[in-house]
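S.K.: My questions all concern the structure below.
No value in this document is a laboratory result; all are computed from the given coordinates. A quick note: this is a predicted structure, and the numbers were derived from the prediction, not measured. Here Cβ is always computed from backbone atoms with ideal geometry, including for glycine, and neighbour counts include all displayed protein chains.
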Amino acid sequence: MILKSFIFPLLLLCMLSGPTIASAQVLHNDYQGTYHGKVLEIIDEEIREIPGTDTEHLYQTIRVEVLDGPKEGEIITIENDYLELDKGDKFYFNHNIYIDGREGFGIINIDRKGSLLLLTIIFISTIIIFGRWQGIRSLTALLGSFLVIMYVLLPGILNGWNPLFASLLVAGGILFAAIFFTHGFNRESTVAYMGTMIAVLLAGIFAIFAVHITDLSGFASDETVYLNFNTNGSLNFTALLLGAFIIGFLGVLDDIAVTQAAVVSELFSSNPKMNGKEVYKRAMRVGREHVGALVNTLVLAYTGASLPLLLYFSTGSAGFTTTINLEIFATEIVRTIVGSTGLILTVPIVTLLAVRYLKGYKSKHEHTHHHVH
């Protein structure tokens, strides 16, 4: 949203231009913690105009029971202008004590643990019911991928690893789990893994080129700015952006690689007399159709994720060219192009490897198409 070169001057200007007392309260408060609360009563609510705008917003005064922390069991009053709450709602709030001794309570989010758990149970049940044993293997691979990201990739980057090389290393582990644990330890999986890793390396090289020529800094969102402050500017955000590209398109590369290996194996099994050249031509025909669908999936997925932002800029006065030149949009365009290029490269690479190594191979299982990413 804001180019890197404008971030620090803007923040400095905001701090210096605010009222003295307000600045003191922001800069000199004692953060007590984040706690859990429950709405006992809506004391008052009204629609107010947000200062400096023509936009109206709901403002509530609520009585709250504190559910944990030093104030557990106490009843407090919170002025809420963040999100609409109803009686009985549970939420999280920050507790601060300002320099003048006043206490402040700020609502930060509603408690969604129960609903998220329910959705997770539905998700896991659906996979197991329809995927059966392969669905269980898919879930195992998914859990492994999550653990590798949480306990290897993230700590590694924060401890000084280069984000790009760390992402490539972790990508190898994630793909290994996703392909072999989901589809079994067999020659087809080996071919799919080899081909995908080659495609990942080539796509990574292309990503470096694309980010370099577009001068992307990696500061395309608010969280990157906060992360930069929290790490005292120690992270290489350009390399972090490249790593994010790689991790982001692993799932679709896995999908198309396994499919191509399976297609070649089935073609050889259906007609053992068919030569490699003919098998390659037929498998590539299937691959092209699959690539077309997956590229469309990538574009729609990134567009859907950015829909509120697209609507926001559509209401502004900036033209189309100006809008797509903003780093937040340019980043998604480059991400889509790099991911799609990786997809396209995967098809001929995996197909060639499969034609070379799967001729005469007898698969020990029926080919199904279950993917969990």
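S.K.: Would you mind checking the stretch 76-105 for residues with the amide N under 19 Å from a putative spin-label position 7 Å along Cα→C-beta of THR55?
M.R.: Of the residues in the stretch 76-105, 80-85 have backbone N under 19 Å from the label point off THR55.
S.K.: Additional query: For the stretch 26-134, state which GluC sites (Glu not before Pro) are in a DSSP loop and have at most 15 other beta carbons lying within 10 Å of their beta carbon.
M.R.: GLU72, GLU74, GLU84
S.K.: Starting from the Cα gyration tensor of the stretch 21-111, take the square roots of the eigenvalues, sort them a ≥ b ≥ c, and report rounded, prolate or oblate (rounded when a/c is under 1.5, otherwise prolate if a/b is larger than b/c, else oblate).
M.R.: Note, shape of the stretch 21-111 comes out oblate.
S.K.: What distance in nm separates the simple spin-label points at ARG187 and ILE121, each placed 7 Å from Cα in the Cβ direction?
M.R.: The answer from the label model is 4.6 nm.
S.K.: Between LEU201 and LEU311, what is the label-to-label distance in nm when each label sits 7 Å out along the Cα-to-Cβ direction?
M.R.: Placing both labels 7 Å along Cα→Cβ, they lie 4.5 nm apart.
S.K.: Now a separate question. Loop by DSSP (not H, G, I, E, B), at most 16 other beta-carbon atoms within 10 Å: where is the longest site-free stretch of the chain for trypsin sites (Lys or Arg not before Pro)?
M.R.: Of all site-free stretches, the longest is 113-272.
S.K.: For the stretch 69-185, with the dipole built from +1 on Lys and Arg beta-carbon atoms and -1 on Asp and Glu ones, taken about the Cα centre, which of ILE78, HIS95, PRO155 lies farthest toward the positive end?
M.R.: Farthest towards the positive end: PRO155.
S.K.: Additional query: Could you give the size of the charge dipole of the stretch 21-111 about its Cα centre, using +1 on the Cβ of each K and R and -1 on the Cβ of each D and E, expressed in debye and rounded to the nearest 20? Show your work: numbers first, answer last.
M.R.: On the way: 7 positive and 20 negative charges, 65 e Å.
The calculated dipole for the stretch 21-111 is roughly 320 debye.
S.K.: Also, quick follow-up: Helices from the chain with mean Kyte-Doolittle at least 0.5 and a Cα length along the axis of 24 Å or more, per DSSP H: which? Walk me through the numbers on the way to the answer.
M.R.: On the way: long enough: 113-148 (27 Å, 1.45); 187-214 (40 Å, 1.44); 250-270 (30 Å, 1.11); 276-305 (42 Å, 0.03); 327-357 (44 Å, 1.33).
Qualifying helices, which must be both long enough and hydrophobic enough, are 113-148, 187-214, 250-270, 327-357.
S.K.: Here are a few candidate values for Rg/Rh (Cα atoms, Kirkwood Rh): [x] 0.94; [y] 1.13; [z] 1.06. Which one was actually calculated from the structure I just gave you?
M.R.: Label of the calculated value: [z].
S.K.: Something else: Can you show me the helix-derived [θ] at 222 nm for the chain, built from DSSP H runs with n ≥ 4 at -39,500 (n - 2.57) apiece and divided by the number of residues, rounded to the nearest 500.
M.R.: -20000 deg cm²/dmol
S.K.: In nm, give the distance between the simple-model label positions of ILE128 and ASP222, each being 7 Å from the Cα along the Cα-to-Cβ direction.
M.R.: Label at ILE128, label at ASP222, 3.9 nm between them.
S.K.: Follow-up. Between MET274 and ASP215, what length comes free when the chain is fully extended (0.36 nm per residue of separation minus the Cα-Cα distance, one decimal in nm)?
M.R.: So the extension gain works out to 16.3 nm.
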